[in-house]
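Data block below; observations after.
The values are calculated or read from the model by the stated rules, or taken from the named source; none is laboratory data. These figures come from a predicted structure and were not determined experimentally. Every residue, glycine as well, gets a Cβ built from its backbone with ideal geometry; the counts of neighbours run over all protein chains shown.
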Amino acid sequence: MPSNIDAGALAVRRNLVIVRAGDSSLHPRWLQGGENRAWDLVVSYFGDDAERYLRPDVQRVDSKGTKWPALGVFLENNRELISQYDFVWLPDDDIDCKSNDIDRMFKVAEQEDLSLCQPSLAPDSYFSFPITLTIPFFKLRYTNFVEAMVPCFRRDLLLECVPTMSDTMSGWGLEYVWSALANTSGGRVAIIDAVTVVHTRPVGGPNYRLIEERGISPREEMRATLQKYEIHSTDQRVREAITFVSNRSRAGDSLLVRILTMRAFAFFVIRGYVLRRPNRRHLRRRLRRAFINLAWQKQSFRAGPGL
């Protein structure tokens, strides 16, 4: 399969999804019932089955290697294609969601004029960052962090971020670089609670096995990446949140709302750790860091329209 795509080869809907897929990718589920979806799909396949994932409404390209270097090459070679879309989502292949979930994510990204965003993770997801877990009564939370597992870029920011993807095989640290680039240009970064997906597998998989085989340390790569882009903090913080509460312009002005928000977050984080046993290790330390990093005492919340 070619690594370049003719810009006219796709239907060129308003948005694009590019999934880095292995043989057990869940992306076929995303297409079910999505005949009228507002996004095209490119499958960047790293397996060996010549027939897998071939269908008329999907473009497949083949390449080996880990996720971000491979996607970086593809995006660089297809800048003309990317420039035709409003937003581009780059999820892992073990994300479980539906076609209308993806449509809603793109809709919120457009409504809120987001530069970088992600859907929130359901409580039964495998997760690395508690801030990414959903809080159901929010529409979205403006943050300084979006995870590399499921980032959605506005076109202009994505094209700016393409060169960063060749910096690391593991992808560790890229989240902080992308958020910093978005903030530098005045862009908005958010986690969308109105859209929830499930991360179905523990952290690891083919990418990490390949990295280990090459003797590469993700932590060292992250340290080098942060140093290169002069990123000095890896705290994840919520800056503002939009609620579904009607006729309230600044819900955060209420001390009661702040307390309830903190309690709700604690509940959903603890639930996430309990539901996924591999995440229980060092529970007290992880929870303490999560709550400190969120710095809820400094946050403000505002009401926003439902979907």
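Going by the structure shown, is Asp93 at pLDDT 95 or above and over 20 Å from Gly171 (Cβ atoms)? Show your work before the answer.
Values: at pLDDT 95 or above: yes; over 20 Å from Gly171 (Cβ atoms): no.
It is false that Asp93 is at pLDDT 95 or above and over 20 Å from Gly171 (Cβ atoms).
Is it fair to say Ile102 is surrounded by 21 or more Cβ atoms within 10 Å (Cβ to Cβ) and either out of contact with any helix residue (DSSP H, G or I) (no Cβ under 8 Å at 6 or more places or on another chain) or at pLDDT 95 or above (or both)? Steps first, please.
On the way: surrounded by 21 or more Cβ atoms within 10 Å (Cβ to Cβ): yes; either out of contact with any helix residue (DSSP H, G or I) (no Cβ under 8 Å at 6 or more places or on another chain) or at pLDDT 95 or above (or both): yes.
Here the answer is yes, as Ile102 does meet what is asked.
For Tyr142, state whether it is hydroxyl-bearing (Ser, Thr, Tyr) and either part of a loop (DSSP other than H, G, I, E, B) or in contact with an Asp or Glu (Cβ under 7 Å, 6 or more places away or on another chain) (or both).
Details: hydroxyl-bearing (Ser, Thr, Tyr): yes; either part of a loop (DSSP other than H, G, I, E, B) or in contact with an Asp or Glu (Cβ under 7 Å, 6 or more places away or on another chain) (or both): yes.
So Tyr142 fits the description; yes.
Please enumerate the residues belonging to segment 10-35 that are more than 24 Å from Ser83 (Cβ to Cβ) and part of a helix (DSSP H, G or I).
Scanning segment 10-35 gives Pro28, Arg29, Leu31.
Inside segment 217-234, can you point out the residues that are part of a loop (DSSP other than H, G, I, E, B) and touching a residue at least 60 places away in the same chain (Cβ under 8 Å)?
Listed by number, the list holds a single entry, Tyr229.
Say we look at segment 105-125 and pick out the residues that are surrounded by fewer than 23 Cβ atoms within 10 Å (Cβ to Cβ) and touching a helix residue (DSSP H, G or I) at 6+ places or on another chain (Cβ under 7 Å); which of these is nearest to Val189 (Cα to Cα)?
By that ranking, first place goes to Pro123.
Given the conditions (1) under 15 Å from the mean Cα position of the chain (by Cα); (2) at pLDDT 95 or above; (3) surrounded by 19 or more Cβ atoms within 10 Å (Cβ to Cβ), and given that Tyr45 satisfies all but one, which numbered condition is not satisfied?
Only one criterion is unmet by Tyr45, namely (1).
Quick one: count up the residues across segment 64-107 that are in contact (Cβ under 8 Å) with a residue 40 or more places away in the chain, basic (Lys, Arg) and assigned to a loop (DSSP other than H, G, I, E, B). Can you show your working first?
If we filter segment 64-107 for residues that are in contact (Cβ under 8 Å) with a residue 40 or more places away in the chain, which is where we start, we get 65-107.
Still in the list and also basic (Lys, Arg): 67, 79, 98, 104, 107.
Narrowing the set further to residues that are assigned to a loop (DSSP other than H, G, I, E, B) leaves 98.
The number of residues fulfilling the criteria is 1.
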